[in-house]
Amino acid sequence: MKRWYICVLFISWINSSCQDKIAIDNIDIIPTTTEKDKQYANVFKILDGTWKGEFVIYKDQQQVPKNQIDLKNISRSNLTKKGLKQINAIQVEQIYTSTNPYFQQVVITDFYPDTDQKIISKGVNKIQNGKMWCVVKKPDETVIHTGSTEGDYTIIWQRNEQKPQKIEYFKETVSSDSYEIIGWGYYQNDDPKLSPPLWFYAKYKKQFQK
């Protein structure tokens, strides 16, 4: 019995060790599932399918001290803040395909009407090392967010990078046919002591085959 127990522990250690060796930004290799990953089984499943809609970017022209606003409990009402001005609107198509309950591929097509430019990115939502990750490889950079859940239908994605500064926080709420995103970001020389200079809102509709 003792030998069997040691064998199980050794195999578990091997699986964990192999998973740790896969770089987080690797979107091709599916990590081996570990026990600590299983709590997240099918967390991305509701996103499977094709979604289309508009991603809107707002600039805050009247920032206030950061402590005057709750940056975690955000909703569409934040977009009514005085001083917000729309500066861009991107037409988006996102196609999600789950490979297993812990690994989901995505192809993102962004179309910028103001420049007539189309950008295609590929990425994954995945569970690795007991954490949720969103990795998107754009033509000019790889974007990595760590995730958590809020209830059954909301995923929170965030990153906090320095040199250069890239701080983001997004809430994604998904239903059977609707996908809504609200978030904010700081970049480059933005002052993180003030409220976010940029806000984001998106509403996508699921595309059903006729």
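So for the range 82-97 (the condition being among the aliphatic types (A, V, I, L, M), without any contact (Cβ under 8 Å) to a residue 24 or more places away in the chain, in contact with a Gly (Cβ under 8 Å, 6 or more places away or on another chain) and within 27 Å of ILE29 (Cα to Cα)), does at least one residue qualify?
No, that holds for no residue.
Count, please, the residues in the range 96-113 that happen to be more than 27 Å from GLY130 (Cβ to Cβ) and either part of a strand (DSSP E or B) or β-branched (Val, Ile, Thr) (or both).
Summing the residues that are more than 27 Å from GLY130 (Cβ to Cβ) and either part of a strand (DSSP E or B) or β-branched (Val, Ile, Thr) (or both) in the range 96-113 gives 4.
Picking from PRO192, PRO197, which residue would you name as being closer than 16 Å to LEU71 by Cα, crowded, with 17+ Cβ neighbours inside 10 Å and either touching an Asp or Glu at 6+ places or on another chain (Cβ under 6 Å) or of a type outside the set (Phe, Trp, Tyr) (or both)?
After applying the criteria, what remains is PRO197.
Would it be correct to say that ILE74 is at pLDDT 95 or above and not in a strand (DSSP E or B)?
For ILE74, the condition - at pLDDT 95 or above and not in a strand (DSSP E or B) - is met.
When you scan the range 115-128, do you find a residue that is assigned to a strand (DSSP E or B), surrounded by fewer than 13 Cβ atoms within 10 Å (Cβ to Cβ) and in contact (Cβ under 8 Å) with a residue 12 or more places away in the chain, even just one?
Taking every residue of the range 115-128 in turn, at least one turns out to be assigned to a strand (DSSP E or B), surrounded by fewer than 13 Cβ atoms within 10 Å (Cβ to Cβ) and in contact (Cβ under 8 Å) with a residue 12 or more places away in the chain.
Starting from residues that are in a helix (DSSP H, G or I) and crowded, with 16+ Cβ neighbours inside 10 Å, keep the ones in the range 31-45 and report whichever is farthest from the chain's Cα centre (by Cα).
Only one residue fits best here, namely ASP37.
What single numbered condition from (1) in contact (Cβ under 8 Å) with a residue 60 or more places away in the chain; (2) closer than 25 Å to ARG76 by Cβ; (3) out of contact with any helix residue (DSSP H, G or I) (no Cβ under 7 Å at 6 or more places or on another chain); (4) surrounded by 13 or more Cβ atoms within 10 Å (Cβ to Cβ) fails to hold for TRP133?
(2)
The values are calculated or read from the model by the stated rules, or taken from the named source; none is laboratory data. All of these numbers come straight from a predicted model, not from anything done at the bench. Quick reminder, even Gly has a Cβ in these numbers, built from the backbone with ideal geometry, and neighbours come from all protein chains shown.
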